[in-house]
Every structure is written in C-alpha cells, then in structure tokens.
Amino acid sequence: MEGYCTPAHRGVPVAPAAGPMLPDNCFINLKGWSSNVPLVAEVYRDRFGNKSLLGGGYFIDWHGRGIVVDPGINFVDNFHRLGGHITRVDIVVVTHGHIDHAHDLGTILDLQREYNKLVGEGKIAGRPLNIIYLLDRDTYLRGQDQLLAHIPTDFQRELIANDRYDEHRILEGFGLRIKPFPTAHDERAMPNSVGLVMEFFPPGDPAAAPFTIGISSDTGLTDGVLGALGDCDAVVAHFNKTNAHDLLGTDPDRRHRHHLGYMGVRELFRSTRAGLCIAAEWSGEHGDIRFQVSELLKLELGRPDKAIIPAEIGLTFSIPGMRISCQACQGTVDPVDVTVARPQRPFGRIMYYCPACLGGTPHR
Ligand SMILES: [Zn+2]
Ligand SMILES: [Zn+2]
Ligand SMILES: [Zn+2]
C-alpha cells in the first residue's frame, strides 16, 4: 500500500478544508482521454502545456453520498481540484482494470487507510470511513492480496454482470441500484469487464420511478450493450478508437470488436431513448476530433430533441434534471440548449455555456 500516494496526494490535508463545494445531486465527468493518450501527453506536454489530457473517472453525488466510477489516472488530483475529499467518497465502482479506469483505486484505498488511522489515533475528529468497493471480478481477484487487504470484506463485492445490486441494503438506503452488464473489450486479460446501469431514486423509496444513467465503459457494440442502455435517461458512451473506415461508414466489419468507435456510438445514440447522450473517453491517435465528430453525430442522427455532447473534464449535469452546468456563470442549462465551445487548440479544453452567457435568451 505504501507508495500508492504520490507526494502531491500527501500534501492534501487529511481533514476536509473549507473550499469549493461539489454540487449536490449531479454527475461530474473527471475523465480525460483513453489510456493510450497519457503516454502521448507526456511527449507533447511542452507543446500543449496542459494537464487536461490526463484524467479518469466519474463522480456522482446523490443526496450527499459520493459515488466514484472508474478512478483512472489523475482521478484523485482532478477530484481534489474540484473541491472533493476522501470523506466525500462512499462507493467506488470499477468496471475493468485498465489504467484509465483503475489506476487511482490504490490511491483512494491509501487515503482511506490514512484517514482512518488518524481517526483511530484521535488526531482528527470523526468516524472511520467505510467505503464500499464494487469491483469487476478481475480487479477484485487481483486486489485481494494487497489492495483490499485492509478493507473489511463486508465492504468489498464483486461486480458480476447481470447480477443485481439492489438487494444490497446499504445501496438501497442510499437511493441507488447498480446493474452491471457484460462488455466486449479485453477478453483475454479482462474477461469479466462490465458496463453499468445506475438507477437513482429518493433514498428509502425504492418503489419510486428511478432516474437511470447508463455507462457503456469500454466495449465493442453488442446486442447486450444496446439492450442494457436502451432504456436509460442519460447515456455515457466511450468512443475510444476510430479509423477512416469507421468514420466514413465503410468499415467492412461494421462494428469494432473492442471499442464503440464512431459507428458504435452512432448506433447506440440512435437506439437509446436517452435524451442526454454523452460521448466520453476519446482516443487521440487521429488528433482531437471530439468536437467535429459530435457535430457529425448530431447531423447524422437529426434528432434535435437529443443532446449529443462531447465530454470534457468538468462537464457536470444535474440528476434528475440533466441540466448542464454553465462554465461562465452559476447557472444550468437544458442539455439541448447548451453551447459546446470547441477547444481553442487541439487537446485543449471544451467549454459548456448557457444561452444567457452568450448573449442569448435567459435561463429557462
Ligand atoms: Zn478506457
Ligand atoms: Zn479499457
Ligand atoms: Zn451561463
């Protein structure tokens, strides 16, 4: 466990400080680029002078509970920068073990252990943290020896596709159900990878109609993936790799086997009933095509009632309203009215603005 904290993490105060607050009842994207891009980023760091290439994971607040999904590279840094703290984490979910999904799992475990040690020694007031770890079977089994050794087994579970986690009383008390489904990604090294359907309802009222967020995670397009994500309110699709055949629709195989790519995302966004369709985890080997490809998807789908939005670190939407946070004011905006501003240079930052901040109509 020692060594998982970088010096930067050691510098973070163990007790939560007054600072920027994470918003309530929202989904925050902290994911930058897919796992092959951080390596590119190191090479081009001087040119772009920008850390936003790196990142991993999503943070969800639901009635004061914090859910971390896939804490990849720099997740903890990005989380701290937004005002997050280990005491805000209640559940950690990992869909598979690639570094852009699980790299910072060790850091989170280490921060929890350090925090609980200080509580135990009476150095900070508070209760020890009992974070629930729901890990895909491969990550779970790999973590048993070291990573999870300090965590009571009650708080660790394998995330098995098609198993239902709504019977887990703690989750239901939080107002949450998680339904993992199988993905087709890295069958040799990670045969048990999953995507997620997450259902949110008022805590203590499991019979209420839930708000559902589907996360494809990394996967080729399968009928199972289409079925699992067909009935979600919001869908987060991992775009990942593409090529000219894929973009031009002349891919002889039509579907990538391990990634959605352009054709997979297009088919998924076309078939799901979700009104908010977010394209995340882009791969950068053909440059920064996030903005252009999202515009092309909008044109091809021809569904102005569906918001198609490329994900940048910091993209935030409310649950259940799906309103996007404007990055120029404190307001939020209906996702179909948001203006997505293209990055000023390749691999720069995409921004999200409400009409009022662009001199248009005021907030609805
Ligand atoms: Zn990935
Ligand atoms: Zn992956
Ligand atoms: Zn605004």
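Summary table below
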| item | result |
| --- | --- |
| Ranked list, fewest to most other Cβ atoms within 10 Å of each Cβ, for T212, T339, T183 | T339, T212, T183 |
| Cα gyration tensor category, rounded, prolate or oblate, for the chain with a/c compared to 1.5 | rounded |
| Nearest-0.05 FRET efficiency for L226 and L358, computed from C-beta distance (R0 25 Å) | 0.10 |
| Nearest-20 debye value, the range 135-259 charge dipole, Cβ charges on Lys, Arg, Asp, Glu | 200 debye |
| Size of charge dipole - the chain - debye, nearest 20, with Cβ of Lys, Arg +1 and Asp, Glu -1, no other charges | 700 debye |
| Options G261, G204, V293, ranked by Cα towards positive dipole end of the range 177-334, top entry (Cβ charges) | G204 |
| Note, ³J(HN,Hα) from phi for the range 256-266, Karplus 6.51, -1.76, 1.60, rounded to Hz, x at Gly and Pro | 5, 8, 10, 9, 5, x, 5, 5, x, 5, 4 |
| Ranked H259, H101, H80, H286, criterion: other C-beta atoms within 10 Å, fewest first | H286, H80, H259, H101 |
| Residues whose placed amide H lies under 5 Å from that of C232, excluding near-sequence neighbours | R273, A274 |
| Cleavage-rule hits (GluC sites (Glu not before Pro)) in the range 95-161: DSSP loop, at most 13 neighbouring Cβ within 10 angstrom | E121 |
| Cα-based shape type of the range 96-198, given that a ≥ b ≥ c are square roots of the gyration tensor eigenvalues and the cut on a/c is 1.5 | oblate |
| Nearest 10 degrees, 0 to 90: helix 37-48 Cα axis against the chain principal axis | 80 degrees |
| Those GluC sites (Glu not before Pro) in the range 162-229 that DSSP places in a loop and that have at most 16 other beta carbons within 10 Å | E167, E187 |
| Lys, Arg +1 and Asp, Glu -1 on Cβ, resulting dipole of the range 221-324 about Cα centre, debye, nearest 20 | 200 debye |
| Semi-axis lengths, Å, the range 158-236, gyration tensor of Cα atoms, sqrt of 5 times eigenvalues | 24, 14, 8 |
| GluC sites (Glu not before Pro) within the range 221-317: DSSP coil, no more than 13 neighbouring Cβ in 10 Å | E285 |
| Selection from A102, S325, V236 lying farthest towards where the dipole of the chain points positive, charges on Cβ | S325 |
| Percent of beta bridges antiparallel (DSSP, the chain, rounded to nearest 5) | 55 percent |
| The chain: angle of helix 290-301 to the longest principal axis, Cα-based, in degrees nearest 10 | 60 degrees |
| Anisotropy class of the range 271-364 from Cα gyration tensor, a/c 1.5 cut | oblate |
| For M351, distant residues with modelled amide H under 5 Å away | A341 |
| Farthest toward positive dipole pole in the chain [+1 Lys/Arg, -1 Asp/Glu at C-beta], among Y352, G275, L147 | Y352 |
| Candidates A102, A307, A125: whichever shows maximal mean-square fluctuation once the chain is modelled as a Gaussian network with Cα springs under 10 Å | A125 |
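Each value in this text was obtained by applying a stated rule to the coordinates, not by laboratory testing. Fair warning: this is a prediction, and the values are worked out from it, not measured in the lab. We place every Cβ from the backbone using ideal geometry, glycine too, and count neighbours over all the protein chains shown.
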